[in-house]
Amino acid sequence: MKKISLRGRAYPGDLNHSGTVFGGWIMAKMDKAASIAVEDIVDSGAVTVSVTDLHFLKPIRNGDIVTIYTEIIKIGNTSIQINVNVMVRCKKSHEEYNVTEAIFTFVTVDEDGKSINVADVIRDDVDDDVRDLL
């Protein structure tokens, strides 16, 4: 199920010399949103191991409202894949549009950083649509 994991605004300090946000700035926000989605389903640590299919479609400008949606799309033995989609509401026009998306993969880990089975740390209150991915 797709849900909002993070929301905020782009400010002047987030912009590059062209007046749009740095790609790394939005990637960091996407990683945070994905980590929140993972934390919502497991009672353990989890680390980002890969980002794929990252596409920057449109720029983000000063004052734009950024909303990041996440959806758990696959659960493996120790890994969780999250689709991360970034929408922007333009400050001037109030038009909302897609600006970037990617697939983030996390691995669940114990306190020593060793990978652990997702099924062993899945939260009791996880939605059935996520539990069906196990």
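Just so you know, all these numbers are worked out from the coordinates, no wet-lab data involved. Everything numeric in this text was worked out from a predicted model, so none of it was measured. Using ideal geometry, Cβ is built from the backbone for each residue, glycine included, and neighbour counts are taken over all protein chains shown.
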### Message
Running a GNM on the chain with Cα contacts under 10 Å, which residue among GLY45, GLY23, GLY13 ends up with the highest mean-square fluctuation?
### Response
GLY13
### Task
Round to the nearest 10 and give me the degree value, 0 to 90, for the angle of helix 23-39's Cα axis relative to the longest principal axis of the chain.
30 degrees
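How much of the pair distance distribution for region 1-119 lies past 24 Å, counting alpha-carbon pairs only, in percent?
For region 1-119, the fraction of Cα-Cα distances above 24 Å is 30 percent.
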### Task
Please identify, among LYS58, LYS92, LYS29, the residue showing maximal mean-square fluctuation in a Gaussian network model of the chain using a 10 angstrom Cα cutoff.
LYS92
#### Entry: J(HN,Hα) series, region 102-112, from Karplus relation 6.51 cos²θ - 1.76 cosθ + 1.60, nearest Hz, glycine and proline x
6, 10, 9, 10, 10, 10, 6, 9, 8, 5, 8
### Task
Using only Cα atoms, locate the centre of region 80-133 and the centre of region 17-34, then give the distance between them in Å, rounded to an integer.
17 Å
### For LEU6, LEU57, order by how many other beta-carbon atoms lie within 10 Å, fewest first
LEU57, LEU6
### Ranking of THR52, THR78 by count of other Cβ atoms within 10 Å, fewest first
THR52, THR78
### Summary
Here the relative contact order (percent) of the chain, from C-alpha pairs under 8 Å and at least 6 apart, is 29 percent
### Task
Please tell me which of these pairs span more than 22 angstrom C-alpha to C-alpha: LYS32/LYS92; LYS2/LYS32; LYS58/LYS92; LYS29/LYS114; LYS32/LYS58; LYS3/LYS29?
LYS32/LYS92; LYS29/LYS114
### Task
Would you please give the residues with an amide H less than 5 Å from that of ARG123, counting only those at least 5 places away or on a separate chain, with H modeled from the backbone geometry?
VAL42, ASP43
### Message
Could you derive backbone 3J(HN,Hα) for region 64-70 from the dihedral phi with the Karplus parameters 6.51, -1.76 and 1.60 (θ = phi - 60°), listing whole Hz in sequence and x where the residue is Gly or Pro?
### Response
5, 8, 9, 10, 10, 9, 10
